[in-house]
Amino acid sequence: MGRSAAPAGPTRRAILARLALGDVSMNGRAGAFAVSEPAIARRLEMLDAASREMRGGVA
């Protein structure tokens, strides 16, 4: 995944915005989005991988 691909989806952008505001307790927050908790987990994994890639780590 490229660096700019991670925040491409609207749900990922919304999750990223909440994380930027310090809302790090995303578990159980799937109700705030039109997706399931496993889908939230997948999106968090994508954002984490993109973050590691941007820092030069292994994605």
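The values are calculated or read from the model by the stated rules, or taken from the named source; none is laboratory data. These figures come from a predicted structure and were not determined experimentally. Note that we place each Cβ from the backbone using ideal geometry, even for glycine, and neighbour counts take in every protein chain shown.
Restricting region 22-42 to residues that are modelled with pLDDT under 80 and part of a helix (DSSP H, G or I), the residue that is surrounded by the fewest Cβ atoms within 10 Å (Cβ to Cβ) is GLY31. Count of region 1-18 residues, restricted to those that are at pLDDT 65 or above, aliphatic (A, V, I, L, M) and exposed (fewer than 14 other Cβ atoms within 10 Å of the Cβ), is 2.
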